[in-house]
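S.K.: Just dropping this structure here.
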Amino acid sequence: MTSRKLTIKVPATSANIGPGFDVVGLSLSLTLTLTVSHTRFTSPPQSVDPPKISYSGEGAEEVPLDAYKNLTTRVALYVLRCNGRPHFPSDLAIHVHNEIPFGRGLGSSGAAVIAGVLLGDALGEFQLSTSRLLDFALMVERHPDNVTAALVGGFVGSYLRELSREATEAASVPLAEVLPEYPPDAGEAWGQDPPSPPEGIGHYVRFNWAPEIRAVAIIPQFELSTAKARDVLPLAYTRKDLVFNLQRLAVLTTALGQSPPDPDLIYEAMKDRVHQPYRKTLIPGLPEVLSSVTPSSHPGLLGICLSGAGPTILALATGGFEAIALSAKEVFKGAGVEVKWQVLTVESGGSSVVYDE
Ligand SMILES: Nc1ncnc2c1ncn2[C@@H]1O[C@H](COP(=O)(O)OP(=O)(O)O)[C@@H](O)[C@H]1O
Ligand SMILES: N[C@@H](CCOP(=O)(O)O)C(=O)O
């Protein structure tokens with residue numbers, strides 16, 4: 001039996017960037033790192049001992065360390081089970097170090113899902129393609145913006161393919177069937193196999209990113225779950241609001257790749273009428289922050305938006321970072337919200353899996 005060590009790194013992401021709701025994502029310089037050791041699978045199957053998980057950094061007080069409850073290891077087990085390995089390998093030990101705050105709109109759950117998909121693929125030595133890895137991620141996190149940017153890196157646009165009726169049904173099963181929370185009793189096999197993802201669910205393209213653009217993340221000190229922030233959105237939109245967003249998104253995806261970036265073009269192109277107006281009820285101070293920080297009041301600013309489902313605000317800028325952050329902080333303070341802020345870079349590399357020699 002041989003053992004192996006590997007390190008998995010997955011970046012934070014900011015989804016939407018204003019008008020690109022559920023469509024665009026940006027990978028950012030905060031990292032979820034898994035340091036993993038395990039014994040390689042042999043045939044016949046080895047005895048199953050529970051994986052050991054330790055965890056430091058963001059979320060350490062709340063994250064479950066039981067491998068059947070932890071999002072990353074549940075996703076890894078899903079990938080293993082769909083590819084003929086019904087359990088974790090022996091001697092599996094994982095240390096997680098996380099820099100991505102939970103429930104802030106910086107893609108912590110998307111990163112945890114991608115880490116799980118990469119972990120399952122690595123443990124099983126399946127060598128799944130990027131497209132197949134994305135299929136597994138999309139069975140868990142069902143909007144493509146965060147997971148695609150976390151997997152491939154950079155500034156990315158993605159869509160979900162229209163699936164056949166059978167494939168749609170296969171991809172719409174409840175999450176509890178994809179990721180059961182309990183292992184089978186000792187000596188028993190799993191019941192039914194989990195549903196394998198249909199092939200080629202997600203498709204993406206990487207846009208250019210002007211290297212001088214940084215992302216100032218202004219991070220309120222409260223959590224907002226993505227599920228709750230999706231529940232406040234309407235089911236239908238007016239043609240006027242949809243055209244408003246489509247016009248801006250079409251311009252934005254090219255404008256953010258041009259050097260030097262044009263603040264007049266970008267500031268307006270980062271406005272949104274599909275999700276931000278509805279989320280203001282959950283984020284005190286949101287409309288005031290978005291309207292008070294502009295390129296004329298803050299030289300260097302290009303545009304400002306809600307990061308993902310919030311509550312973090314993302315200001316894209318080429319300079320004046322501190323002035324932007326302090327103004328936003330002041331406005332949030334007036335609404336009773338404390339914030340931290342950080343200047344982040346856009347990471348083009350995406351996720352990585354590195355094996356120790
Ligand atoms: N590294 C992680 N390991 C395990 N679970 C995680 C991890 N990161 C995030 N999660 C889970 O995802 C939840 C946050 O997801 P979500 O509400 O979508 O917010 P976010 O905007 O941060 O993605 C956390 O409360 C936690 O349950
Ligand atoms: N498009 C999604 C993105 C959610 O991102 P997260 O980082 O908040 O999980 C949405 O806006 O709901």
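The values are calculated or read from the model by the stated rules, or taken from the named source; none is laboratory data. Worth saying up front: this structure is predicted, and the values here are computed from it rather than measured. Note: ideal-geometry Cβ built from the backbone for every residue, glycine included; neighbour counts use all protein chains shown.
S.K.: Take the residues of segment 215-244 that are under 30 Å from Gly336 (Cβ atoms) and among the polar types (S, T, N, Q): which is farthest from ligand 1 (Cβ to nearest atom)? Spell out how you get there, then give the answer.
M.R.: Taking segment 215-244 as the starting set, the residues that turn out to be under 30 Å from Gly336 (Cβ atoms) are 215-234, 241.
This time we only want the ones that are among the polar types (S, T, N, Q), so: 221, 225-226.
Values: Gln221: 14, Ser225: 4, Thr226: 3 Å.
So, considering only residues that are under 30 Å from Gly336 (Cβ atoms) and among the polar types (S, T, N, Q), the one farthest from ligand 1 (Cβ to nearest atom) is Gln221.
S.K.: Quick check on Gly103: is it at pLDDT 95 or above and within 16 Å of ligand 2 (Cβ to nearest atom)?
M.R.: Numbers: at pLDDT 95 or above: yes; within 16 Å of ligand 2 (Cβ to nearest atom): yes.
Yes, satisfied.
S.K.: Among the residues of segment 117-130 satisfying the criterion of being out of contact with any Lys or Arg (no Cβ under 7 Å at 6 or more places or on another chain) and in a helix (DSSP H, G or I), which is nearest to ligand 1 (Cβ to nearest atom)? It would help to see each step written out before you state the result.
M.R.: As a first pass, look at segment 117-130 and keep what is out of contact with any Lys or Arg (no Cβ under 7 Å at 6 or more places or on another chain): 117-123, 125-130.
Now restrict to residues that are in a helix (DSSP H, G or I): 117-123, 130.
On the way: Val117: 13, Leu118: 13, Leu119: 11, Gly120: 14, Asp121: 17, Ala122: 17, Leu123: 17, Thr130: 21 Å.
Ranking the qualifying residues of segment 117-130, first place goes to Leu119.
S.K.: Has segment 237-247 got at least one residue that is more than 16 Å from ligand 2 (Cβ to nearest atom), surrounded by 14 or more Cβ atoms within 10 Å (Cβ to Cβ) and among the β-branched types (Val, Ile, Thr)?
M.R.: There is no residue in segment 237-247 that is more than 16 Å from ligand 2 (Cβ to nearest atom), surrounded by 14 or more Cβ atoms within 10 Å (Cβ to Cβ) and among the β-branched types (Val, Ile, Thr).
S.K.: Is it the case that Lys228 is modelled with pLDDT of 95 or more, surrounded by fewer than 16 Cβ atoms within 10 Å (Cβ to Cβ), basic (Lys, Arg) and not assigned by TED's automatic domain parsing to the domain that holds Gly110?
M.R.: Values: modelled with pLDDT of 95 or more: yes; surrounded by fewer than 16 Cβ atoms within 10 Å (Cβ to Cβ): yes; basic (Lys, Arg): yes; not assigned by TED's automatic domain parsing to the domain that holds Gly110: yes.
Yes: the conditions hold for Lys228.
Condition check ((1) surrounded by fewer than 14 Cβ atoms within 10 Å (Cβ to Cβ); (2) away from ligand 2 (no atom under 16 Å from the Cβ); (3) modelled with pLDDT under 95; (4) among the β-branched types (Val, Ile, Thr)) across all residues:
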{"site": "Leu151", "(1), (2), (3), (4)": "no, no, no, no"}
{"site": "Gly157", "(1), (2), (3), (4)": "no, no, no, no"}
{"site": "Ser172", "(1), (2), (3), (4)": "yes, yes, yes, no"}
{"site": "Ala189", "(1), (2), (3), (4)": "yes, yes, yes, no"}
{"site": "Pro194", "(1), (2), (3), (4)": "no, yes, yes, no"}
{"site": "Glu199", "(1), (2), (3), (4)": "yes, yes, yes, no"}
{"site": "Arg214", "(1), (2), (3), (4)": "no, yes, no, no"}
{"site": "Ile219", "(1), (2), (3), (4)": "no, no, no, yes"}
{"site": "Leu224", "(1), (2), (3), (4)": "no, no, no, no"}
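S.K.: Among all residue pairs at least 6 apart or on different chains, which show Cβ distances below 6 Å where the first residue, located in segment 219-243, is under 13 Å from Arg273 (Cα atoms) and the second is more than 10 Å from ligand 2 (Cβ to nearest atom) and charged (D, E, K, R)?
M.R.: Pairs that qualify, where the first residue is under 13 Å from Arg273 (Cα atoms) and the partner is more than 10 Å from ligand 2 (Cβ to nearest atom) and charged (D, E, K, R), are Asp241/Arg273.
S.K.: Among all residue pairs at least 6 apart or on different chains, which show Cβ distances below 7 Å where the first residue, located in segment 54-71, is assigned by TED's automatic domain parsing to the domain that holds Pro101 and the second is charged (D, E, K, R) and within 16 Å of ligand 2 (Cβ to nearest atom)?
M.R.: Sorted first by the residue in segment 54-71, then by its partner, the pairs are Gly57/Glu99; Glu58/Glu99.
S.K.: For segment 1-84, which fully contained strands (runs of 3 or more DSSP E) count at least 3 residues that are in contact with a Ser or Thr (Cβ under 8 Å, 6 or more places away or on another chain) and at pLDDT 95 or above?
M.R.: Details: elements: 3-16, 20-39, 52-57.
Strands (runs of 3 or more DSSP E) meeting the threshold: 3-16, 20-39.
S.K.: Spot the failing condition for Glu357; the list is (1) exposed (fewer than 15 other Cβ atoms within 10 Å of the Cβ); (2) modelled with pLDDT of 95 or more; (3) farther than 26 Å from Val23 by Cα, and only one is missed.
M.R.: It fails just one condition, (2).
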